[in-house]
Structure formats: structure tokens, C-alpha cells
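Please treat every number below as a calculation from the coordinates, not as lab data. All figures in this text were calculated on a predicted structure; none of them were measured in a lab. So basically every Cβ, Gly included, is an ideal-geometry build from the backbone, and we count neighbours across all protein chains shown.
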């Protein structure tokens, strides 16, 4: 479904930058060399007038949990540099309270992070003339990408990697059934899967059907307005049971026009193997260049 992008020798430039109110957010901008005037410093990088386009797209990478802006196993760095080699600029930054960015003042974390993401988009719009944004997020970053896309019409597309469902019971039961060591390691106290059993048996947090229904309506609303969505799920992650399989059934019925699905077989939530990292980079970057309208390389 997604074309493979070969690494290129195209020159690129990476610059440290600050975003948001009082420049509190720390990040790195990665640009193709053709879009940077070499005489400019890291605080100023307006677009090359000769290559300026009204529909310019830019990519924003969002923190995965508390992992700082490099992403899990530095995959965001790989993606940013690969995309720059194919003509796309990007930014990877730390949300408040993550990595190098200090904590914020708003106690509503999600509201604060959505506002910060939009402030980074504002910055790129002013400095680079970007008018269409493609958000890429893993785990909690996937949820943040979805929430931001819901609020900001400038989000042209969003790649959601391993978004976490509200309840993971199906995943843990599948894990226990497919891996006999699940119970053996649990009984010996050598595994963190005790948390899994707690999730299966816990009754204190009921399933919120209203929230699930709202998310489904929001997804269809985003697709209806023309926002492209990619869901990437690992075979051994709760997102496979919670999102990938249900959405795959809807897609098979022709109900999700504008949505693409990608599965990374044999991979866990953290993309621990190099092979799974390669598959992730291939899936996301191939899709991003497609929705950005970048011509396939010769």
C-alpha cells in the first residue's frame, strides 16, 4: 500500500528552535536544503521565494508518552531526515513537561498540549508558509494528533501509531492464549503482566460507551472534511484489538473512505527490533509523502 522511500543523499539542515509562549517549547526543525537560505541563523528560516507554494505541507511529530522528541528508538529522527530528503520539512518538539520543555501552567494537560501543538503549527505557518499540516504521533501522541486534528482545520492528515483503547481486555486474553509463558512468568513474579491481570479483573473504571461513540463520530467527521488518517498498529499491542480490527471491518464495508490501515506484524508497542522500526518508518513516510502530494522519486 505504501511505497518504499530510499534514503537519499539530498542535503538537509537541522536547526534547534523554540516555540510557543515565551519560547518555552524546545524542538528541532528539519528542512530540505533547497528551502533554507544558508546565510540565515537558526532563529529565522523563511521560505525560499522561488519555491514558495500556497499548498506547502509540513510534518509535526508529537511526543510518545514521556519519551522526548527523538521518538521511540529515535524513529522520529529517521523519519524527519528521510522526509527532508524527499522535499518535506518537519519539526519534532517537546511538549511542556516532557524532555527539554519545562512544565506548563494549565492543569488540564490535554488542553495545554493541544494548544501547544497548534502554537507550533502557527510558528511554521509564519516562518515557512506551511498551510497544510501532517501530524505524526505514537501512543499518547496519536491521541493528541487526533484531538488536534479535530480542533484545527489546517491538519490535512494524521498518522496515528498505536493509539491506546480505553480497555485492553481482548489484547491481554489474546496474549495469554498465544504465549504460554504469560502465566508461567506471572506466577513466578518475574513479569510486569500483573498489571494485565489487574486490567482484566478491575471494575473500578467502567467502559465509557458515550466517549467511544463520540470518538467514532469524530473520526467520520474528520474523514468527511477531507482529513486523511493512517492507523498503524503493532501485532502485539492493544491498539490491534481495540482499533485496528474494528476499523478494518468498517473499511472492508467501504465505510472509511480516506482512511488507511497498516499492520506491523510481530512487533511490540515499543518497536524493539530494528526490523519493526524499519517497517514503521516505511509505512509512515511512504504514506506521508503520498498525502502531501510529493512525486515518487525516480
Q. Label points 7 Å out from Cα along the Cβ direction at residue 33 and residue 214: separation in nm?
A. 4.9 nm
Q: Calculate the spin-label point distance for residue 122 paired with residue 105, positioning each point 7 Å from the Cα along the beta-carbon direction, and give it in nanometres.
A: 1.5 nm
(Q) Students often check this: by mean Cβ neighbours within 10 Å, which of 140-146, 109-115 ranks highest, and how do the rest follow? (A) 140-146, 109-115
Q. What's the FRET efficiency of residue 21 with residue 249 using the Cβ-Cβ distance as r and R₀ = 35 Å, to the nearest 0.05?
A. 0.20
Q: Counting other beta carbons within 10 Å of each Cβ, put 236, 287 in order, fewest first.
A: 236, 287
